[in-house]
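Pasting a structure here, questions to come.
Every number here is computed from the coordinates shown, using simple stated rules; none is lab data. Predicted, not measured: the structure shown is a model, and the values here were computed from it. Here Cβ is always computed from backbone atoms with ideal geometry, including for glycine, and neighbour counts include all displayed protein chains.
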Amino acid sequence: MGLLRAVFTPLLVSMAALSAGAARANEPALKVVASFSIIEDFANQIGGDRIALTSIVGPDSDTHMYEPTPADVKAVAQADIVLINGLMFEGFLARLIEASGSDAEIITLTDNAEILQDPQGGHYHFIGDKAVFHAAPEDPHAWQSVSNAQVYVSNIAQAFCAADTAGCSAYEANQQRYSATLAALDDDIREQLSALPESRRTAVVAHHAFRYFENAYGLTFLAPQGMSTESEASAANVAGLIDDLQAQQVSAVFAENISSSRLVEQIATEAELPMGGTLYSDALSGAAGPAPTYEAMMRYNVATLMSALTPP
Amino acid sequence: MKKRILARSIAALAVAIGSTSAYAHDEGATEWRLFVADQASPTVSVIDATEKALIDTYELSGPAALHRTSSGQTVFAVQGSQGRVSAINTGIAFHDHGDHADIDVDAPERLDIELTGERPAHFVEQQGYIAQWFDGEDEARFFTENSVLEGQPEIRTANIEAAHHGVAVPYQHHAVVSIANPDDASQRPIGARVVDFEGNHVGEDVACPGLHGSAGSGSLYALACQTGLLIISTQDGTPEIEHLAYPASLPEGSASTLLGGKGLQYFIGNFGPDRLVIIDPSQGEEGFQLVQLPTRRVHFATDPIRPRFAYVFTEDGQLHKVDVLSGELTQSLRLTGPYSMDGHWNDPRPRIAVAGDNIVVTDPAAEKLHFVDANSFEEVDEMPLEGKPFNIVAVGGSGVSHHD
């Protein structure tokens, strides 16, 4: 069942929450559903052992393309709180909520965050070699700046306090602790990336998931936009992109953990650029991978970028 | 002739948009069409499901099984007894813009394309890639929906070693094909393998004794076996197959007909004549749930719009609503006289399609279609249709129509 569990992104029940819940059997847990793995980690950081947490889209999986399962519907039906990113990131959400008949509080974690308009009106995802356009007026990948992550966890703490007043002091203490962790993370990212010269600050990624990172930390990420939404990426499309890359001082090409690397590898080969490794964009890794938490994900991404972009 | 949607739709509110647009205003629009194959005479009728009016009728060579593509732009009529596969442009196309889809509605059109071959049978389409299986041939044929609509299907083939009643599942650069029983190819296949279109096998063969029945749901495709399901997923575009065994808690039996949920990722199949099995592969062995029917099953269908529900028609003339979460029949409605499952497997019996808020059931004995409101689960209309209306598919949906 190993592949099944990895591929089907089953509901991941927080083992910590389960064991803690068993230890405090008389105290009802707050039933929380997180829409994807990064929010799951935020909720774990704030809720700790006071919540029973379920995540819908698991590690290394593309939330944009996810198809919910009957088990997801049952989890939402039983939830007190559902934590979502919003900004049309979870395309499956409306039908999931409707099918569940749930009256849970739906908390949109990007509320009050600094939101970027998507200059192209959307961004591309890849199924195999096929580019699929995801139109959205606002860029949903807000967690890629740590200052926005602070807003996410603040929203979570407020939602948990409202639903579980007895646990509010614990949630606020957890938020204070984790907020300090995030502040240190933000400082570390800025310090490390400041060492890169201007000529080594441009890279190619598979889809436009890093505009918030770009905006916060002064790098530039290009993605193969301009390709047809109706057909496979053709050699002519790729050739056009490569012409652009050579004029823009691109230093490396990066794969993403949520999608096939075939297309970006093709771009790297044809542009004679090095593959710089895999960045974690829209999902964490599994527990055994290098990015099982948000903090680990950001640190791993920065280490990967620094390794590839630092001048030889 | 291009038919711009008129304001009969559920949300026909004109909305002014910016002066830079090529269009003066947008309208929400809904259009559904039914394609009904007749078992008495070889025809396909195209019906406006909203007006309940006949749009056109196409002559075929023989009785047809109908298959719609996931885009809804094309319906294929597989005429197994006549060795032909015909294609119809449904006239309804959607153009996805992420937060909405545009809808274009034209007249339906019988396409000037026909595949001929020895006993065409299982048809599978995924994301515009199509596999047509021919029971009497030793290779399966693959093409894209776009190439059919453009009038020039580009056929690729994959060798299957021996002609047999099997199935192929198409992917961009690969296919999953059934493996014939080496002792007797007339028996059910024994497994499945991944192949490419250059004649290579990819990975190991996977056992699937008694393979029959297949369906897609979300990112997964499933093949039914006597021992469980083969679940096909893709990694970097290459299909991978994993066997999901029936749990020991299930009684003896297996599925041989599968359907995939739309909007929810699950599979539903027959499990003996009077039970269904609902399968959520994400839950492994815990993901199997039996549904007991009051009598033998005639046909079943999933609801792509209300994904929590599926429908099953039983011999006693009743349509039942199945809650795929609880596995219970939540509502039942008598629609027709009794239909016995005894007799030839291909005798015309009721078939189900979901067209928007209508569940449409063919009634070949009474020469009519029944329209059931999917929300109230009450019969709301009937439409006479001469002959033996049998197989049925529905295409359509809602979108934005841009007006000049």
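Given DSSP loops and a limit of at most 16 other Cβ atoms within 10 Å, what is the longest stretch of chain B that contains no such chymotrypsin sites (Phe, Trp or Tyr not before Pro)?
The reported range is B:24-196.
Now a separate question. Short version: ³J(HN,Hα) in whole Hz for each residue of segment B:295-305, in order, from phi by Karplus 6.51 cos²θ - 1.76 cosθ + 1.60 (θ = phi - 60°), x for Gly and Pro, what are they?
Residue by residue, segment B:295-305 yields 9, 5, 7, 9, 7, 9, 8, 9, 9, x, 9 Hz.
Can you work out the Karplus-derived ³J(HN,Hα) for every residue in segment A:189-203? Use 6.51 cos²θ - 1.76 cosθ + 1.60 with θ = phi - 60°, whole Hz, and x for glycine or proline.
After applying 6.51 cos²θ - 1.76 cosθ + 1.60, I find 4, 4, 5, 5, 6, 5, 6, 7, x, 4, 6, 10, 10, 10, 9 Hz.
With a cap of 12 neighbouring Cβ atoms within 10 Å, and only residues DSSP puts in a loop, list the GluC sites (Glu not before Pro) found in segment B:39-116. Provide the component values of the computation, followed by the final result.
Details: sites: B:Glu51, B:Glu59, B:Glu109, B:Glu114; in loops: B:Glu51.
Taking segment B:39-116 and a limit of 12 other Cβ atoms within 10 Å, the loop GluC sites (Glu not before Pro) found are B:Glu51.
Excluding residues on the same chain fewer than 8 positions from B:Lys52, give the aspartates and glutamates whose Cα lies under 18 Å from its Cα.
Correct list for B:Lys52: B:Glu31, B:Asp38, B:Asp106, B:Asp357, B:Asp363, B:Glu367, B:Asp373, B:Glu378, B:Glu379, B:Asp381, B:Glu382, B:Glu386.
Can you tell me the FRET efficiency between A:Ala184 and A:Glu105 if r is taken as the Cβ-Cβ distance and R0 is 41 Å, rounded to the nearest 0.05?
Given R0 = 41 Å and the Cβ-Cβ separation, E is 0.85.
Counting only residues 5 or more places away or on other chains, whose amide H sits under 5 Å from the amide H of A:Gly122 once H atoms are built in the peptide plane?
Residues meeting the amide H criterion: A:Ala136.
Still on this model: Residues of segment B:367-404 with amide nitrogen under 15 Å from the 7 Å Cα-to-Cβ point of B:Ile55?
B:393-399
Just need the relative contact order of segment B:139-232 here, percent rounded to a whole number, with Cα pairs under 8 Å and 6+ apart.
Computed over segment B:139-232, the figure is 17 percent.
For the protein assembly as shown, rounded, prolate or oblate, judged on the Cα gyration tensor with a ≥ b ≥ c (square roots of eigenvalues), a/c < 1.5 rounded, else prolate if a/b > b/c?
Note, shape of the protein assembly as shown comes out prolate.
Could you give the length gained by full extension between B:Ala248 and B:Ala40, i.e. 0.36 nm per residue of separation minus their alpha carbon distance, to one decimal place?
Stretched fully, the B:Ala248-B:Ala40 segment lengthens by 70.5 nm.
If you don't mind, there's one more thing I want to ask. Which ³J(HN,Hα) values, rounded to whole Hz and listed in residue order, are derived for segment B:139-154 from phi using the Karplus coefficients 6.51, -1.76 and 1.60 in 6.51 cos²θ - 1.76 cosθ + 1.60 with θ = phi - 60°, glycine and proline given as x?
These are the phi-based 3J(HN,Hα) values: 8, 9, 10, 10, 7, 9, 4, 4, 5, 5, 5, 7, x, 9, x, 9 Hz.
Indicate the gyration tensor shape class of segment B:85-138 (rounded, prolate or oblate), computed on the Cα atoms with a ≥ b ≥ c the square roots of the eigenvalues: a/c under 1.5 is rounded; otherwise a/b larger than b/c is prolate and the rest oblate.
Taking the square roots of the gyration eigenvalues as a ≥ b ≥ c, segment B:85-138 is oblate.
If you bin every alpha carbon distance in chain B into 10 Å steps from zero, what whole percent lands in each bin?
P(r) for chain B, in whole percents per bin: 5, 22, 32, 28, 12, 2, 0, 0.
OK, next. Relative contact order, percent, of segment B:112-167 when contacts are C-alpha pairs under 8 Å separated by at least 6 residues?
Working: 107 pairs, mean separation 17.9, N = 56.
Result for segment B:112-167 is 32 percent.
Just to confirm the filter: which GluC sites (Glu not before Pro) across segment B:144-177 are DSSP coil and have at most 14 other Cβ within 10 angstrom of their Cβ?
B:Glu150, B:Glu154, B:Glu161
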